[in-house]
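Engineer: One structure coming up, written as structure tokens, with questions to follow.
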Amino acid sequence: MYKGTTPRIRKVLYALIAAFALLAVRLIFVQMGAAKPLSNIASNQYRLAVSLLPKRGIIYDRNRKELAITINLTSVFAEPFKVKDKEFASQKLASVLGASRQDIYKKLSQEKGFAWLARKVSPDIARAVNALNIKGIDFIKEPQRVYPNGVMASHVLGFTDTDNNGLEGLELRFDKHLKGIQGYRYAIRDAKQREVPSYEYKEIQPADGDNVVLTIDNMIQSIAEKELEKGYKKFHAKGACIIVMDPFTGDILALANRPSYDPNNAKGWPADSRRNRAICDYFEPGSSFKIIAASSLLEEKAVRSDEKFYCENGEYRWFGHTYHDHTPRGWLAFRDVIKYSSNIGTMKAAQKLGPDRLYKYIKKFGFGEKTGIELPGEINGVTTHPSTWSKLSLCSISMGQEVTVTALQLSRAMAVLANGGNLVAPRIVESIEDRTGHVIKKFETKKPQRIISEETAKEMRDILRGVVDSGTAELAEVDGYFPAGKTGTAQKVESNGTYSHSKFTASFIGFVPYDNPRLVIAVIMDEPRPFYYGGVVCTPVFKKVTAELMSYYKIWPKEAEKRIKITEKSEIKKNHR
Amino acid sequence: MKKILGSIFIVTFIALMYVNQQALIYQMGLKVKQNNDVYTKLIDHNKILVYNVLNLRSPVTLEKRLLAKEVELSMPSQWQVVKKAIHTPKKFVFDYKPVATKGFLANR
């Protein structure tokens, strides 16, 4: 073998064979063991995955008017290693972006490849930054959730964070539907990390978010908010809320709270303003809860509406506790007990019912449990079992103490009387649709449950009409529309467990017109001042909202209707002549 | 020798064509990207304008502006509404008269 070769050449040959053998071993090792990670490293160097952000779904009102939409805004970022004169750049950028020079300098001096300078700036600011023409400063488009109506319906809609995640309200509850699914475009990048446009090799299209259609009516919401704001400011209340509801379907047509906030800049408002008081706060309802005791008494035929009760001239002692009426009265028929909101009359009547039957109706009316509305954060309220009641509990509960409710639960209870005795499930979302308008999920109106008879409901409507006609809610009267309802003024509980003499929750829950109810409207005010009676504080709000809504629905006042009929008749007669 | 030169020429020509084609693809991609950028920009601008219109049409904004000018609007009452009769062309009415007045086919 290798005759004629010198030993030196042979050594070189052996060395080469050994080297190739080592290379072969290394090759096997690379191919068998490290091929995948190495391939990944290589592809990461030349491949580029561009995120394709989905469009967040639109939130519409019941008439398909946009309540929340998404627009694209420009965000400014820096690639610090590319910025040469950091001092100059930070000075110029600070003046345009309205940020501190030190902060920007700090960001530009980082040992990072990327740093946000400002997110979602206005188009004018973006243009101004672009005009500076600083190398290493670049832009990216980001979707921004915007609410064209500002504060209107903010507690219903909620808001999103910078990355478009729902944080409150329906934005949070339906985040999964609204958000959509992110897509990607895989492309190739050059040595300078720039995308090579013609070498895109895979694209996964983003799936845009679904649209949510609400039962809210933009116009009704606006009217309700306007009047609530006036009442809230006039009576210097700590908080207030209003609910407008269709008593037959349970559709929420308007829901507003005060204080409120602008979801376009939710961070700029205190957390307390963002609370949806109508479903997240409970309170002792006071006299407005008498509708439950009265309905159950009439339904169980424990009393007749003309049955008389002695109201002890405004002061009554029961098991060592003295109860008072705000106006002393003697004998009153049961309907007048409710009309004048006599505590003594109600508690005497409630004795005829007993704890178990009262509790049964409290539960039937849906108190102590969530209504199931699609808004997040709803609470149950507190209703205790009769086995835990004291000797005073029956009296206290019948007049709305020792029990806590939400504004929505009270509205639903009033809807039972308005619709003829059926408990409805409140609904604020009508449907979820995809981008093409195809309905993905329909939130059907749940089948109402009959809890009191039609006769009892009618009798209660007549009694509650008396409350507005000549009782405690005369200020709620709207000529020609005949509203009905019940006032409530509840003392708040102090931190030491006693009832306050300076802090009250005022309420008025009513419906209109009383003989053919179309709407239930609940107005609640927390700690109004200097007046605190529900009949003084909440009824004017109810009255104004009712008057405007009746015109909105083109329901004309009955007196006017009569006048017009008379005029038409006389015109016909004239024509005949 | 001629064969070698010929094949070198063909290979060079194909290579040049390939490079030219790649350059054209790259240019086309760039143009598509530029057009796409313009399109996206216009869409974004349109969305901002839509938002501005919605904002201006919002009852909250309108109310604020009217209140600033001390104009308070309220819903009209019935006497303020004038109903105007709209003239509609007379519809064609099919004057049906039963052919048979007696017997099985008669219009009962």
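Read the figures in this text as sums done on the coordinates, not as results from a lab. This is a predicted model, so every value here is computed, not measured. Backbone-built Cβ (ideal geometry, glycine too); neighbour counts: all protein chains shown.
Engineer: Assuming a viscosity of 1.002 mPa s and a temperature of 20 °C, what translational diffusion coefficient in µm² per second does Stokes-Einstein assign to the stretch A:380-446, Rh being the Kirkwood radius over Cα pairs?
Structural biologist: Details: Rh = 15.1 Å.
My calculation gives 142 µm²/s for D.
Engineer: Lysine pairs in the stretch A:32-167 with Cα distance under 12 Å, only those 8 or more apart or on different chains: how many are there?
Structural biologist: On the way: A:K82/A:K112; A:K82/A:K135; A:K84/A:K135; A:K86/A:K106; A:K86/A:K107; A:K86/A:K135; A:K120/A:K141.
Value for the stretch A:32-167: 7.
Engineer: With axes computed from alpha carbons, what is the tilt in degrees of helix A:343-353 against the longest principal axis of chain A, rounded to the nearest 10 within 0 to 90?
Structural biologist: Approximately 90 degrees, to the nearest ten.
Engineer: Among the aspartates and glutamates, which have Cα under 13 Å from the Cα of A:K544 when same-chain residues fewer than 8 positions away are ignored?
Structural biologist: Once the sequence-local aspartates and glutamates are set aside, what remains near A:K544 is A:E225, A:E227, A:E229, A:E477, A:D479.
Engineer: Here's a follow-up. Does a label point 7 Å from the Cα of A:I188, set along Cα-to-beta-carbon, have any residues of the stretch A:46-63 with amide nitrogen under 18 Å, and which are they?
Structural biologist: Answer for this model: A:46-50.
Engineer: Under the 0.36 nm per residue contour assumption, what length would be gained going from the current alpha-carbon distance of A:F88 and A:L392 to full extension? Each step should come with its number before you reach the end.
Structural biologist: Values: separation 304, 0.36 × 304 = 109.44 nm, distance 7.66 nm.
My answer for the length gained is 101.8 nm.
Engineer: For A:T162 and A:R26 in one chain, what is 0.36 nm times their gap in residues minus the Cα-Cα distance, to one decimal in nm? Walk me through the intermediate numbers first.
Structural biologist: Numbers: separation 136, 0.36 × 136 = 48.96 nm, distance 4.96 nm.
Length gained, A:T162 through A:R26: 44.0 nm.
Engineer: Suppose R0 equals 30 Å. What FRET efficiency, 1/(1 + (r/R0)^6) with r the Cβ-Cβ distance, do B:A15 and A:Y46 give to the nearest 0.05?
Structural biologist: The formula returns an efficiency of 0.85 here.
Engineer: For the cross-link pairs A:K226/A:K503; A:K308/A:K458; A:K301/A:K364, which exceed 23 Å when the distance is taken from alpha carbon to alpha carbon?
Structural biologist: Cα-Cα > 23 Å for A:K226/A:K503; rest within.
Engineer: Okay, next question. Given points 7 Å out from each Cα along the Cα-Cβ axis, report the B:R57 to A:N380 separation in nanometres with one decimal.
Structural biologist: Result for the modelled spin labels: 4.6 nm.
Engineer: Between A:E444 and A:V196, what is 0.36 nm times their sequence separation minus the Cα-Cα distance? Round to one decimal in nm.
Structural biologist: 84.2 nm
Engineer: How charged is the neighbourhood of A:I69? Take every other residue with its Cβ under 10 Å from the Cβ of A:I69, and add Lys/Arg as +1 and Asp/Glu as -1.
Structural biologist: The answer is +3.
Engineer: Here is a follow-up. Rounded to two decimal places and with Rh computed the Kirkwood way over Cα pairs, what is Rg over Rh for the stretch A:433-508?
Structural biologist: 1.23
Engineer: Please compute the net charge surrounding A:G421, taking Lys and Arg as +1 and Asp and Glu as -1 over other residues with Cβ under 11 Å from its Cβ.
Structural biologist: With Lys, Arg at +1 and Asp, Glu at -1, the neighbours total 0.
Engineer: Let me ask you something else. Just tell me which aspartates and glutamates come within less than 13 Å, Cα to Cα, of A:K370; anything on the same chain fewer than 8 places away is out.
Structural biologist: A:D281, A:E378
Engineer: Give the span of the protein assembly as shown's Cα atoms along each principal axis, as three whole-Å numbers ordered largest to smallest.
Structural biologist: Here the Cα extents, ordered largest to smallest, are 139, 87, 64 Å.
Engineer: What FRET efficiency would be calculated for the residue pair A:R101, A:R127, taking the C-beta separation as r and a Förster radius of 22 Å, to the nearest 0.05? Working shown, then result.
Structural biologist: Numbers: r = 21 Å, r/R0 = 0.96.
Efficiency, rounded to the nearest 0.05: 0.55.
Engineer: Which number comes out as Rg/Rh for the stretch A:1-116 once both Rg and the Kirkwood Rh are worked out on C-alpha atoms?
Structural biologist: Over the Cα atoms of the stretch A:1-116, Rg/Rh equals 1.41.
Engineer: Right, here's the next one. Once both axes come from the Cα atoms, what is the angle between helix A:35-46 and the longest principal axis of chain A, in degrees from 0 to 90, rounded to 10?
Structural biologist: Its long axis makes an angle of about 80 degrees.
Engineer: A follow-up question, please. With the cut-off at 20 Å, report for the stretch A:345-501 the share of all Cα pairs above it, as a whole percent.
Structural biologist: 62 percent
Engineer: On average, how many beta carbons from a partner chain sit within 10 Å of the beta carbon of a residue in A:146-154?
Structural biologist: 4
Engineer: Return the distance in nm (one decimal) between the two label points of a simple spin-label model at A:H324 and B:V50, each offset 7 Å from Cα along Cα→Cβ.
Structural biologist: Reported label-point gap for A:H324 and B:V50 is 6.0 nm.
Engineer: Output the 0 to 90 degree angle, nearest 10, between the alpha-carbon long axis of helix A:7-29 and the longest principal axis computed from the alpha carbons of chain A.
Structural biologist: It is inclined by approximately 10 degrees.
Engineer: Here's something else I'd like to know. Quick one: if the Förster radius is 35 Å, what FRET efficiency do B:V82 and A:E474 give, using the C-beta to C-beta distance and rounding to 0.05?
Structural biologist: 0.55
Engineer: Simple spin-label model, 7 Å along Cα-to-Cβ: A:A35 to A:R8 in nm?
Structural biologist: Between A:A35 and A:R8, the label points sit 4.3 nm apart.
Engineer: Can you give the local net charge around A:D208? Use residues other than it whose beta-carbon is closer than 12 angstrom to its beta-carbon, Lys and Arg +1, Asp and Glu -1.
Structural biologist: Residues near A:D208 contribute +1 overall.
Engineer: Next question, about the same structure. Cα to Cα, under 16 Å, and not fewer than 8 places away if on the same chain: which lysines meet these conditions relative to B:K83?
Structural biologist: Within reach: A:K554, A:K565.
Engineer: Counting residues in the stretch A:214-260 as N, plug N into 2.2 N^0.38 Å and put the Cα Rg over that result.
Structural biologist: 1.18
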